[in-house]
1. From (1) in contact with a Ser or Thr (Cβ under 7 Å, 6 or more places away or on another chain); (2) part of a loop (DSSP other than H, G, I, E, B), pick out the condition that doesn't hold for R176.
2. Where residues in segment 163-178 are within 8 Å of the ligand (Cβ to nearest atom) and under 20 Å from R111 (Cβ atoms), which of them is surrounded by the most Cβ atoms within 10 Å (Cβ to Cβ)?
3. Could you grab me the full set of residues in segment 179-205 that are within 13 Å of the ligand (Cβ to nearest atom), hydrophobic (A, V, I, L, M, F, W, C) and in a helix (DSSP H, G or I)?
4. Picking from R89, R52, which residue would you name as being part of a helix (DSSP H, G or I) and surrounded by fewer than 13 Cβ atoms within 10 Å (Cβ to Cβ)?
5. In segment 231-244, what residues are within 26 Å of S104 (Cβ to Cβ) and more than 10 Å from the ligand (Cβ to nearest atom)?
6. Among the residues of segment 10-46, which ones are surrounded by 18 or more Cβ atoms within 10 Å (Cβ to Cβ) and within 23 Å of the chain's Cα centre (by Cα)?
7. Determine, yes or no, whether A247 is within 7 Å of the ligand (Cβ to nearest atom) and farther than 24 Å from Q58 by Cα.
8. Within segment 180-229, how many residues turn out to be of a type in the set (S, T, N, Q) and in contact with a Gly (Cβ under 9 Å, 6 or more places away or on another chain)?
Amino acid sequence: MTDQLPDALVSAEGWHVQHLFYKIEHGAWTLLDRAEQVEAKTNLAELVAEIRATEGAQLLTFAMVSPKADLGFMLLCADLQKSNAFEKRLSLALGADILTPAYSFLSMTERSEYTTSEAEYAESLVKEDGLAAGTPEHEEKLTAFRERMAKYMKDRLYPVLPPWPAMCFYPMSKRRGTAGQNWYALSFEERKKLMLGHAKIGRTWHGKILQLITGSTGLDDWEWGVTLLAHDPLNFKGIVYEMRFDAVSAQYADFGEFFIGLQLPLDEIFRRVLL
Ligand code: 76R
C-alpha cells in the first residue's frame with residue numbers, strides 16, 4: 001500500500017459521465033432515528049456541495065419519476081478516478097442500505113465523426129455559394145465557421161448543462177448483424193449522409209430540447225447515452241417520436257430503458273422522495 005494518490009485518469013479528450021439512478025429503501029430509513037436521518041441528509045448535501053466545488057466536476061440532481069427509481073445523479077468529471085470515488089461516496093452518503101442502485105450508465109462526452117470539416121465547408125463556399133477561395137467574403141465566412149465550430153466542440157466535449165427542469169435519459173445502439181441493417185457495414189459517406197438528415201430534424205428542436213450524446217462503446221452495454229433536457233416533457237415525446245421516422249433511428253437504432261427525472265435542488269428532492 002502507498003499513501004500516494006493515484007494519478008488522475010484524464011482522457012486526451014472529453015469528460016467521463018455517469019448516470020446514477022437509485023431506489024430508496026424506506027424500510028431501512030425508518031429504522032434510523034431523527035438525528036441519524038438529519039446527519040445522513042447533511043452528509044449527502046455536503047458531498048453534493050463538495051463535488052460542485054471541485055474543478056472539472058459537474059453534478060445534476062434529480063427526483064426520478066415513476067417507481068423505476070427515486071433519486072438520480074448525473075456526474076460529469078474530467079478525471080475518472082474522481083468520478084469513481086464520488087460515485088462510491090454518493091451511493092453511501094445516506095448510510096448503508098439506504099440507496100439501492102436501480103440503473104447506472106458510464107459514458108464519455110465525444111465529438112462527432114460526421115461534423116463538417118473546415119476543408120468541406122471551404123469547398124461548399126466555392127461550389128454552392130460561388131465565393132472564390134482567398135476573397136474577403138470567403139475568408140469572412142471561414143472565420144465565422146471557425147468560431148462557430150470552436151463553440152460547438154466546447155459544448156459537445158465540455159458541456160455546461162443548464163438547470164432545465166425535465167430530463168430524459170435512455171441508452172441506444174446502432175444495429176449490427178441484421179441483414180441490410182448493419183450501421184457499421186455502411187461506408188463513411190453513407191453514414192454521413194444519413195447523419196445529416198438526423199441533424200436536420202434535431203436542429204428544428206433547438207431551444208426546446210437540449211441534447212447531450214455521450215459515447216459508451218467499450219464502456220457500457222450500449223453504444224451511446226442520450227440525455228435530453230426540456231422545459232416541457234411533451235417535447236421528449238415529440239422529438240423521440242419524430243426521430244423514429246428518420247432513417248438513422250428507423251433502420252439502425254435500438255433503444256434501452258427510458259428514465260425521466262426532474263432537476264431539483266437537493267432539499268426539494270429530499271421532501272419529494274419522503275426522506
Ligand atoms: O451535434 C450536433 O448538434 C451536430 C449534429 C448531430 C450529430 C452528429 C446531432 C444533432 N446528433 C448527432 C449525433 Mn443526435 N440525437 C440522438 C437522439 O431517439 C432517437 O431516435 C435517437 C436519440 C436524439 C433524440 C438526438 C437529438 N445523435 C448523434 C449520435 C451519434 C451517432 C454516431 O456517431 O454514429 C447519436 C447516437 C444521436 C442520437 N441530435 C442532434 C439531436 C438533436 C436535438 C440534435 C440537434 C442539436 C442542435 O443543433 O441543437
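We did not get these values from a lab; they are worked out from the coordinates using the rules stated. All values reported here derive from a predicted model rather than from experimental measurement. Please note: Cβ atoms are built from the backbone with ideal geometry, for glycine as well, and neighbour counts cover all protein chains shown.
1. (1)
2. Keep residues of segment 163-178 that are within 8 Å of the ligand (Cβ to nearest atom), which gives 170, 172, 174.
With under 20 Å from R111 (Cβ atoms) added as a condition, the list becomes 172, 174.
Details: M172: 17, K174: 20.
Looking at the filtered set, the residue picked out is K174.
3. Passing the criteria: W183, F188, L194, M195, L196, A199, I201.
4. Details: R89 fails: surrounded by fewer than 13 Cβ atoms within 10 Å (Cβ to Cβ).
Going through R89, R52 in turn, the sole match is R52.
5. P233, K237
6. G14, W15, H16, V17, Q18, H19, L20, F21, Y22, K23, L44
7. Values: within 7 Å of the ligand (Cβ to nearest atom): no; farther than 24 Å from Q58 by Cα: yes.
Answer is no for this residue.
8. Our first condition is that a residue be of a type in the set (S, T, N, Q); within segment 180-229, this holds for 181-182, 187, 204, 211, 214, 216-217, 227.
With the extra rule that they be in contact with a Gly (Cβ under 9 Å, 6 or more places away or on another chain), the set shrinks to 211, 214, 216.
Total meeting the criteria: 3.
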